[in-house]
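First the structure, in the form of structure tokens, and then the observations on it.
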């Protein structure tokens, strides 16, 4: 098919291509009831005039944390006008003024001027409004580790959590959302005394959950009959192997684009295989680039060895190169396994019990091409 035909072709297999966008909010949101109940219980005291419970929302990427937060906030705002819920993306907003500009926008319907207005005036206006209206404030910081890479984190937490000391009746809470399971908060003592969070954990989706979610997304995104259960099963298998639901949703989209460019009214296996080939190198590059120095050192140790390495041998070589403890070795290995860069296999041959073999999931050549 010519490029002109691809661009102008007026038939489509997509009913709603937006269903495959990262910010799409599915009408049916399944498999996270217990986590959403935990969030609701944390917010419940605020509805009754009390202080909400601070929470840390833990889970790897694409386990539904952001969607769950937004769904719960939406339900809260339909239930009561006594709670102001503000979602902050910390990859975009990391300064005190920037964060409180978003809070100001939620309360007043517009952001304050970017220049000429000091932070103290914006802060006072927000808190005075909450106090006079008798409303509670709950702020969800998504990817909060980005905020803690700046010097503003403690000040922002303090601004929110200790507002009650200066503004009568103001009740505030924080939901800190973390995808980096290795991250640790570094809060000042005067913030720690008021930020005592509960943990709400989002485990990875299992295979049947992945299949169900992808089937719902395909139903929303494609016209009936475009994609079969067998094709969705294949994409679910690929997704489960990688451990990232976003991979499966993107495979649906890319497979659909390939099928459409081939003038096919249905998505076939060859379309999925072509989509997987296109996607694989991109995802590996992104994962490798996200590693810290210790994790990259461990990968380099593994790709420099021709044979399968035991955990004991890897530990010895890694600790010699990185100068770290055994606990750090274990955490680093767990992170690589969590990211599905390596597999571990118990052999039962160890002197003190089961021994583990560490196996790279990708070829050394593919990893080296990622500019490690």
- prompt: Restricting the first residue to region 191-212 and requiring it to be in contact (Cβ under 8 Å) with a residue 12 or more places away in the chain, which pairs with a second residue that is assigned to a loop (DSSP other than H, G, I, E, B) and loosely packed, with under 13 Cβ neighbours inside 10 Å meet a Cβ separation below 7 Å and a spacing of at least six or different chains?
  reply: 212/30
field: Qualifying residue in region 87-98 (condition: outside the structural domain of residue 242 (by TED's automatic domain parsing) and in contact (Cβ under 8 Å) with a residue 60 or more places away in the chain)
entry: yes
message: over 20 Å from the mean Cα position of the chain (by Cα) and under 16 Å from residue 55 (Cα atoms): is that true of residue 132 in this structure?
response: no
message: Here is a check on your reading of the model: is residue 314 outside the structural domain of residue 65 (by TED's automatic domain parsing), in contact with a strand residue (DSSP E or B) (Cβ under 6 Å, 6 or more places away or on another chain) and assigned to a helix (DSSP H, G or I)?
response: yes
message: Taking the criterion of being in contact with a strand residue (DSSP E or B) (Cβ under 8 Å, 6 or more places away or on another chain), surrounded by 14 or more Cβ atoms within 10 Å (Cβ to Cβ) and in a loop (DSSP other than H, G, I, E, B), would at least one residue in region 331-346 satisfy it?
response: yes
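Residue-wise test of (1) modelled with pLDDT under 95; (2) more than 18 Å from residue 57 (Cβ to Cβ); (3) in the same structural domain as residue 43 (by TED's automatic domain parsing).
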position	(1), (2), (3)
104	no, yes, yes
109	no, yes, yes
125	no, yes, yes
129	no, yes, yes
136	no, yes, yes
168	yes, yes, yes
178	yes, no, yes
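With more than 24 Å from the chain's Cα centre (by Cα) and assigned to a helix (DSSP H, G or I) as the only criterion, which of 273, 286 stands out?
273
Quick one: is residue 216 closer than 21 Å to residue 28 by Cα, outside the structural domain of residue 52 (by TED's automatic domain parsing) and modelled with pLDDT under 95?
Working: closer than 21 Å to residue 28 by Cα: yes; outside the structural domain of residue 52 (by TED's automatic domain parsing): yes; modelled with pLDDT under 95: no.
No, not satisfied.
Just a yes or no: is a residue in region 292-307 in a loop (DSSP other than H, G, I, E, B), within 25 Å of the chain's Cα centre (by Cα) and either surrounded by fewer than 16 Cβ atoms within 10 Å (Cβ to Cβ) or free of Cβ contacts under 8 Å to residues at least 12 places away in the same chain (or both)? Step through it out loud before you land on a result.
Here is the first cut: in region 292-307, the ones in a loop (DSSP other than H, G, I, E, B) are 292, 304-307.
Then drop every residue that is not within 25 Å of the chain's Cα centre (by Cα), which leaves 292.
Restricting the remaining residues to those that are either surrounded by fewer than 16 Cβ atoms within 10 Å (Cβ to Cβ) or free of Cβ contacts under 8 Å to residues at least 12 places away in the same chain (or both) gives 292.
Yes, there is a match, as at least one residue in region 292-307 is in a loop (DSSP other than H, G, I, E, B), within 25 Å of the chain's Cα centre (by Cα) and either surrounded by fewer than 16 Cβ atoms within 10 Å (Cβ to Cβ) or free of Cβ contacts under 8 Å to residues at least 12 places away in the same chain (or both).
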field: Any chance residue 257 is part of a helix (DSSP H, G or I) and crowded, with 16+ Cβ neighbours inside 10 Å
entry: yes
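The values are calculated or read from the model by the stated rules, or taken from the named source; none is laboratory data. What you see is a predicted model, and the numbers here were worked out from it, not measured in a lab. Cβ atoms come from the backbone with ideal geometry, glycine included; neighbour counts cover every protein chain shown.
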